[in-house]
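Below: one structure, written as structure tokens.
The values are calculated or read from the model by the stated rules, or taken from the named source; none is laboratory data. Not measured: the values here are computed from a predicted model. So basically every Cβ, Gly included, is an ideal-geometry build from the backbone, and we count neighbours across all protein chains shown.
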Amino acid sequence: MRILITAGPTREYVDDVRFLSNASSGRMGYSIAASALARGHDVVLVTGPVDLPVPDGAEVHSIETTDELRAACLELFPACDGVIAAAAVCDYRPRRRVDGKMTKTGQPIVMELVETSDVLAELGSLKEHRWVVGFALESQDPRTSAMRKLRMKRCDCIVLNDTSAISSPDNHIEILSPDAETVAEFHGRKSDVADRLMEFIETSIVGH
């Protein structure tokens with residue numbers, strides 16, 4: 001299979017030097033990419049800024065902003081069999097980016113934020129014969145929030161984890177089906193979780 005995998009954070013710039021982002025290390029997405037390659041798949045990795053070695057054999061596309069992630073995924077997805085969306089997308093961006101570098105004035109500033117593009121929802125709307133696996137990192141009412149994402153983004157399943165996964169070498173994931181059933185649950189090192197997730201995708205999503 002040829003698999004599109006997204007990994008790492010996105011950044012939304014306030015000015016030329018400051019940005020909004022999150023603490024994602026990219027380890028989960030990179031572990032999935034390495035596992036998929038080891039299992040003989042072609043991997044197209046769209047990655048935000050991370051401090052990780054690129055998995056040997058992956059076709060890598062580096063991005064920073066959510067709009068760059070969107071553009072890359074929309075271009076690459078049609079030639080893939082499915083997508084595993086593990087990137088931690090920044091949900092908001094400043095309505096207006098300041099040119100240059102803002103200087104202190106001694107006064108408070110107010111920043112208006114607007115939502116960024118929903119990349120996975122767009123891919124889900126274009127899925128046709130392809131499969132879509134989403135990730136949901138939730139802390140409040142996690143199952144309800146994850147299921148809402150699954151249905152809105154037309155995922156074949158969604159991988160639920162929590163904030164303890166951020167920048168950690170370990171992860172604990174729960175895979176939810178469109179029927180809101182827990183169809184698998186894995187925990188351990190992210191590399192081991194990635195192996196078990198790939199096996200699940202091969203047998204239960206692709207081979208279903």
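Summary of computed values
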| quantity | calculated |
| --- | --- |
| Selection within the stretch 188-208 - of a type in the set (A, V, I, L, M, F, W, C) and within 15 Å of Val159 (Cβ to Cβ) | Val193, Ala194, Leu197, Met198, Phe200, Ile201, Ile205 |
| First in the stretch 23-41 and closer than 12 Å to Glu202 by Cβ, second anywhere and part of a helix (DSSP H, G or I), Cβ under 7 Å, 6 or more apart | Ser35/Ala194; Ser35/Asp195; Ser35/Met198; Ala36/Met198; Arg39/Met198 |
| Residue list for the stretch 61-73, restricted to those being of a type outside the set (Ser, Thr, Tyr) and either exposed (fewer than 14 other Cβ atoms within 10 Å of the Cβ) or touching a Phe, Trp or Tyr at 6+ places or on another chain (Cβ under 9 Å) (or both) | Glu64 |
| Filter pass, Asp99 being over 25 Å from Leu37 (Cα atoms), touching a residue at least 40 places away in the same chain (Cβ under 8 Å) and touching a Ser or Thr at 6+ places or on another chain (Cβ under 8 Å) | no |
| Among the residues listed as Val46, Val17, Val83, Val54, the single one being hydrophobic (A, V, I, L, M, F, W, C), surrounded by 14 or more Cβ atoms within 10 Å (Cβ to Cβ) and part of a loop (DSSP other than H, G, I, E, B) | Val54 |
| Of all residues in the stretch 26-43 being surrounded by fewer than 21 Cβ atoms within 10 Å (Cβ to Cβ) and either hydroxyl-bearing (Ser, Thr, Tyr) or touching a strand residue (DSSP E or B) at 6+ places or on another chain (Cβ under 7 Å) (or both), the one that is nearest to Asp195 (Cα to Cα) | Leu37 |
| Every pair of residues 6+ apart whose Cβ atoms lie under 9 Å, when the first sits in the stretch 134-151 and is modelled with pLDDT under 90 while the second is among the basic types (Lys, Arg) | Glu138/Lys149 |
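One line per residue, one yes/no per condition, for (1) within 28 Å of Thr163 (Cβ to Cβ); (2) not in a helix (DSSP H, G or I):
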{"site": "Ala23", "(1), (2)": "yes, yes"}
{"site": "Gly29", "(1), (2)": "yes, no"}
{"site": "Ala71", "(1), (2)": "no, no"}
{"site": "Leu76", "(1), (2)": "no, no"}
{"site": "Lys101", "(1), (2)": "no, yes"}
